[in-house]
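These notes are about the structure you will find just below.
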Amino acid sequence: MIRTFHVYKSYGARNALEDISLHIQKGEFIFVHGPSGAGKTTLLKLLYLGERATKGQILIDGVNLQRITSKRLPFLRRKIGVVFQDFKLIDTQTVFQNIALPLEVTAHDKKYIRKKVSYVLRMVGLENRTNSFPPYLSGGEQQRIAIARAVVNEPMILLADEPTGNLDAGSSQIVLNLLRQLHIRGATVLIATHDRELVSQSNDRVIFLNKGRIKKMKIDD
Amino acid sequence: MIRTFHVYKSYGARNALEDISLHIQKGEFIFVHGPSGAGKTTLLKLLYLGERATKGQILIDGVNLQRITSKRLPFLRRKIGVVFQDFKLIDTQTVFQNIALPLEVTAHDKKYIRKKVSYVLRMVGLENRTNSFPPYLSGGEQQRIAIARAVVNEPMILLADEPTGNLDAGSSQIVLNLLRQLHIRGATVLIATHDRELVSQSNDRVIFLNKGRIKKMKIDD
Amino acid sequence: MRISVFFKRALQDIRNNRFLHVITVGTIGLVLLIWATFIIIFANVNYLVGSWQEDIRIVAYVVKGVDQERIDLLQKQLRGFYGVNEVVFVSADEALLRLRSQMRHQGGVLDGLRENPLPASFEISLNPFFHDQKSINGLVDRIRELKDIPDAQYGQAWLNRFLVFLSFFKMAGFILGGLLLFIAIFIISNTIKLTLYAKREELEIMQLVGATKLFIKIPFYIQGLLQGLLGGLVSLGILYVLFSVFVSRISLTELPLTYFHVRFLSKDLMAMVVVLGMLVGWFGSCLSLKKFLKV
Amino acid sequence: MRISVFFKRALQDIRNNRFLHVITVGTIGLVLLIWATFIIIFANVNYLVGSWQEDIRIVAYVVKGVDQERIDLLQKQLRGFYGVNEVVFVSADEALLRLRSQMRHQGGVLDGLRENPLPASFEISLNPFFHDQKSINGLVDRIRELKDIPDAQYGQAWLNRFLVFLSFFKMAGFILGGLLLFIAIFIISNTIKLTLYAKREELEIMQLVGATKLFIKIPFYIQGLLQGLLGGLVSLGILYVLFSVFVSRISLTELPLTYFHVRFLSKDLMAMVVVLGMLVGWFGSCLSLKKFLKV
Ligand SMILES: Nc1ncnc2c1ncn2[C@@H]1O[C@H](COP(=O)(O)OP(=O)(O)OP(=O)(O)O)[C@@H](O)[C@H]1O
Ligand SMILES: Nc1ncnc2c1ncn2[C@@H]1O[C@H](COP(=O)(O)OP(=O)(O)OP(=O)(O)O)[C@@H](O)[C@H]1O
Ligand SMILES: [Mg+2]
Ligand SMILES: [Mg+2]
């Protein structure tokens, strides 16, 4: 599903990622773990083409990201749900409008959108916030809205950057269950986190990043 | 140092805080703990006057916040350092300019400012990011800049909202040490967090919030 | 079905960002107000100057001693010329009378005359469309060829200067109008750029969740058109109020209003201002979106 | 010491937010360009119309048969009147000559005269400051009281109309200028409001770390003044280019340029445009900051 070949990403003189080669199978559930500044967010950015790699090749679902045209890019992105570390909610749109966005771009009809959005809002426990604006929500509530938006169109690939950073243990569990459900229905899920506990709880594959390099790929720490 | 008497805060029909009465001594190190949406951030907002309480009285260092004039407000705020949950860094100013801000408003001279800023940057391990702009930093790096700005003018009171939410264990420890140092030098430190681990590690007083009410005030969970 | 979605998004956005839209509409309105004010002045001066054109007359002198029959024939012939509007016969006696009244104080001069030395003449006024120099010259030449008409003339020097002034005035008007249009587009697209700058994160987010550029752009186009429409109406409203105040003020002065009748914009020009607003709003959106939608 | 900090902050901010500042300077420049264009046209038309004023002349007729000595004396007396600029004597013969040339085609009329019926006269031109109707009437009355001067007159009807037109023109100019100034302030403060909207978080953050309102405002005031200054210079630059092109174009037409000499803005007016820019920039900042600095 996702393959990277000797990928480098540098910002000026600073190397955020060095020589990243990965092979993530369809339907995997995988963690990217590492300390602050390790390059986790940068790796995800390369995958959803928020940035372009400086060197190397990336294939997603058979598409070479280095060669994709700007015309086809939106269609690739619709297959990928992303939970951004800084949420990236639209402050001037309601929770409903924010979550409905990925469905509206694919021209679903109104009724379907309303049903789907209220379903995911219930999943993250915020069904009573439908018409709030993001700045009026708590940090954890915003994060859950970001997660709801990422999963609402049931993407083939889910990239979640620190999805539980602002959540207490209880909410974290709810969110993880949501991602697991998506996984069970066939999605490839990649979670970037600095949280050792989260990683050690599970049996899934873990990619350890440090200073932009992959350190190891096993499931202990 | 901080006293609140039957404080309520409601947003429309929604009560974010109900009947909060607190007495925090000068020089205390204290946690506010609770799940997402409990009202932690709201409590801090009331203390630095980001919002006004709907009902009740708040005294800080003998000043009644309900009665303070807008002329004296800036001078109160200079005594309070705040680490915001969403960082609130100025995106178009460099790391240096961001951290220097609390010193510039009090008209310190250039040399002192430069010395002080590079000192706190070294403390949070980001001395090589002096001239970066916040959007070009990783989440954890931004958080550490926010902490550096909050402590740079050695405030009497430090309010830290989820200061380790984006940090790995190592960085978290560094940040906590920094706050402890400030505490040792006499500051009153109040940390809002959902992180059970962080709270249970320490022997300090913990205020448990849930659904806007104080549940208990002891040090176990 | 799609277009209603875009309209919904456009209107939702207006509701969510009232401040930005009010400012944009205000700016468009004010810029168009300048434009409309310019147009109203230009149109009125143009009208005034146009009324002067009606004074262009060719005078065709008649040899002495022709009889009434011949005069009627000549008049008929002259009326038949292309471009001629009206032909009035002025007898020699009438000409002397006119001269006397024109000379006023020096009129006494004429008392010493034994006989009337002035010729009779035809005064020929022209059709409004027939006011360029070449046509007039052609007509004069043809009149001169008539029998019993020894000479025909018109105030050549004066007319030349007037026509040059007229073309100069129109040129200045078009240059100024063009300049204003250009400035209007720039100011409005600057304003729209600033509103998009405030929304740059939103634009980025939409792209990240898979919106195509067209999906993002269309609501902005709709907004640009709406803002232009509203701005145009606002500007016409303000202009009308200002105009009313102005007209009521000048009717207090001693200016000969019957002569200089100030008029508001015609329906066509009003429509033009509104359509211009919409075009500029749309064009401004196009220009600005380019800047903020990166690949 | 403080003021240098504010300057530093103002300049840092300009460096950090180039886009916003370029847009603001551009808008100010364009708005001022409209203003300056208006001023340049107004000033030139004013100048042209002013030159017509020089044509105002009083004609004082002299009784027949006075001798040269008396004429010299009268001329001296007239020159002594307050407001009089120049006094030229026109003899009866000269008057007849002039009349003949004025009448052109009808000049033959005068051949039949036995003697010259025209009176001699003085042509009196006035000082430029002496052009209101009341003063002129007073002067005419005083001239009429002189011995040997049976009558003095000036083109009353024509002059009245001209003076009304003049005051009307000036009124229209001031109204338009004021309207434009008003629009300029609005557009510019709209633009500044949008830039502050984009910076509203920054303003909030500054207040949260204990900045006083003055500390936040002063750099914006400095920026407003700087933007106004730059905008003013930009507008003058563009205007100068446009003006040069325009002048070189009209010198290609047959317009009598010696008569209608177009001039660029005087130094004073240029300074005014720049100062106006600075004032408007500063004032726009004041207006907008109010909105975004809450308690
Ligand atoms: N746009 C950018 N320009 C310059 N440097 C950048 C940019 N984005 C990231 N970096 C740098 O690249 C490194 C990796 O950043 P990244 O955001 O990937 O870290 P991370 O693993 O997500 O850390 P965290 O856990 O703190 O979010 C950091 O040192 C960061 O400063
Ligand atoms: N400005 C606001 N307008 C309306 N409701 C608000 C506003 N700010 C907070 N709330 C609501 O008040 C409640 C408490 O919010 P608060 O931000 O204090 O929670 P928190 O304890 O900080 O949670 P988290 O751990 O998720 O940050 C939440 O339900 C939130 O939706
Ligand atoms: Mg990150
Ligand atoms: Mg919070």
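Every read-out reported here was derived from the displayed coordinates using simple, explicitly stated rules and does not represent laboratory data. From a predicted model like this one, the values you see are computed outputs, not experimental measurements. When we count neighbours, we look across all protein chains shown, and the Cβ atoms used for this are built from the backbone with ideal geometry, even at glycine.
So here's what we get for this one:
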read-out	value
Label 7 Å beyond Cα on the Cβ vector: D:Asp148 copy-to-copy distances, nm	5.5
Which listed pairs, of A:Lys9/B:Lys115; B:Lys9/B:Lys110; A:Lys9/B:Lys88, have C-alpha distances above 30 Å, in listed order	A:Lys9/B:Lys115; B:Lys9/B:Lys110
Spatial separation of Cα centroids for segment D:7-42 and segment D:174-227, in angstrom	12 Å
Proxy reagent accessibility, fewest Cβ within 10 Å first, across D:Ile28, D:Ile71	D:Ile71, D:Ile28
Burial order of peptide ranges D:272-278, B:126-132 (average beta-carbon count within 10 Å, highest first)	D:272-278, B:126-132
Rounded to 5, percent antiparallel among DSSP beta bridges of the protein assembly as shown	65 percent
Value of [θ]222 nm, deg cm²/dmol, for the protein assembly as shown, DSSP H segments ≥ 4, -39500 (n - 2.57) each, nearest 500	-18000 deg cm²/dmol
Lys/Arg +1, Asp/Glu -1 at C-beta; the protein assembly as shown dipole; positive extreme among D:Leu11, C:Val274, D:Phe264	D:Leu11
Peptide A:85-96 - average C-beta neighbours from other chains (10 Å radius)	5
Axis-nearest residue in chain B [Cβ, rotation onto A], distance in whole Å	B:Gly165, 2
HN-Hα J in Hz across segment C:237-247 - Karplus 6.51, -1.76, 1.60, θ = phi - 60°, x for Gly and Pro	x, 4, 4, 5, 4, 4, 4, 4, 4, 4, 5
Label spacing, shortest first and in nm, from A:Gly12 to its equivalents in the remaining copies (7 angstrom along Cα→Cβ)	4.4
Peptide-level mean, for D:182-193, of C-beta atoms on other protein chains within 10 Å	5
For chain B, convex hull of alpha carbons as volume per residue, Å³	124 Å³
Within the protein assembly as shown: Cβ-based charge dipole about Cα centre, in debye rounded to nearest 20 (Lys, Arg +1; Asp, Glu -1)	5040 debye
Built amide H within the under 5 Å cut-off of B:Leu158, gap 5+	B:Gly81, B:Thr188, B:Val189, B:Leu190
Relative exposure of A:Leu22, A:Leu49, judged by other C-beta atoms within 10 Å (fewest first)	A:Leu22, A:Leu49
Number of partner chain Cβ atoms within 10 Å, mean per residue of C:276-285	0
At 7 Å out from Cα toward Cβ: D:Asn46 inter-copy label distances (nm, ascending)	2.7
Neighbour net charge for D:Ile3 - beta-carbon separation under 15 angstrom, K R +1, D E -1	+3
